[in-house]
1. Quick one: grab the alpha carbon gyration tensor of region 1-90, order the square roots of its eigenvalues as a ≥ b ≥ c, and give me rounded if a/c is under 1.5, else prolate or oblate depending on whether a/b is larger than b/c.
2. If you take volume of the Cα convex hull per residue in Å³ from the coordinates, which of [x] 168; [y] 125; [z] 152 do you get?
3. With a 10 Å cut-off between alpha carbons and a GNM built on the chain, which of 69, 29, 254 moves the most?
4. Can you tell me the order of 108-114, 178-184, 214-220 when each peptide is scored by its average per-residue count of other Cβ atoms within 10 angstrom, highest first?
5. Sort 47-57, 82-92 by packing, meaning the average of other beta carbons within 10 Å per residue, with the highest value first.
6. Considering only the chain, what is the antiparallel percent among its DSSP beta bridges, to the nearest 5?
7. Please check: in the Gaussian network model of the chain (C-alpha springs, under 10 Å), which one of 160, 137, 97 has the largest mean-square fluctuation.
8. Taking the Cβ of each residue in 25, 151 as the centre, tally the other Cβ atoms inside 10 Å and list the residues starting with the fewest.
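Each reported figure results from applying straightforward, stated rules to the coordinates on display, with no laboratory input. Everything quoted here is computed from the prediction, not taken from an experiment. All Cβ positions, even for glycine, are placed from backbone atoms using ideal geometry, and neighbour counts span all protein chains on display.
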């Protein structure tokens with residue numbers, strides 16, 4: 001069963017090139033099906049997506065005439081996926097060797113885990129996924145060497161993964177097929193995005209699925225490169241966060257969640 005890797009794209013062709021380079025270079029082709037969602041991108045990015053598909057004909061491409069954001073863009077692909085694990089991947093990432101194999105291994109080790117994410121350099125501290133920082137200039141060789149060191153350390157400590165009592169950051173998150181079948185689509189009332197990933201995790205949590213972080217899987221993440229560019233200015237982005245967080249709290253008010261998930265509902 002192949003894993004469906006869904007990458008929503010809104011401009012930023014150079015970032016997309018790096019994402020695709022890591023994906024094609026470091027992911028066995030028999031493990032995944034790639035879905036690229038062109039979220040109303042400019043002609044340069046649309047041309048790049050066409051080139052990617054011509055070089056990898058198995059790639060599924062969906063185009064929207066306007067930017068639907070992270071929730072709506074992902075949903076365009078999710079509506080066409082009948083079964084299988086689903087991996088949400090941002091277009092400002094770089095996947096290192098073994099990244100997907102080790103995420104899949106976590107699902108194999110514990111059938112209660114519904115969602116698992118990698119460690120990274122680019123995540124908010126509250127998600128507990130950031131384990132390293134990089135200083136410029138960056139190089140692929142340095143990123144991949146760091147990923148090997150982190151994996152070796154995790155294996156030496158017999159700590160390939162850890163179950164966590166809170167949501168995961170969706171720059172890269174693998175969702176078990178059975179969990180995806182139950183949770184379903186993103187809530188598009190979150191607009192262009194912000195808090196829709198926390199909402200997805202809370203919904204999975206309420207269905208009984210646990211969340212985990214794979215310390216043996218590393219995905220580089222630029223952070224703050226995809227989401228902010230969906231908005232015309234910083235104030236629009238801040239308003240979206242404020243509005244969406246209020247909606248998240250109202251949506252799950254009174255829900256029987258654990259303290260870790262409640263912390264994400266309470267925090268601003």
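1. It comes out oblate by the Cα gyration axes.
2. Of the listed options [x] 168; [y] 125; [z] 152, [y] comes from this structure.
3. Result for the chain, Cα springs under 10 Å: 254 fluctuates most.
4. Top of the packing list down: 214-220, 178-184, 108-114.
5. In decreasing order of mean packing, 47-57, 82-92 become 82-92, 47-57.
6. Rounded to the nearest five, the antiparallel share is 35 percent.
7. Evaluated over the chain, the most mobile residue of the options is 137.
8. Exposure proxy ranking, most exposed first: 25, 151.
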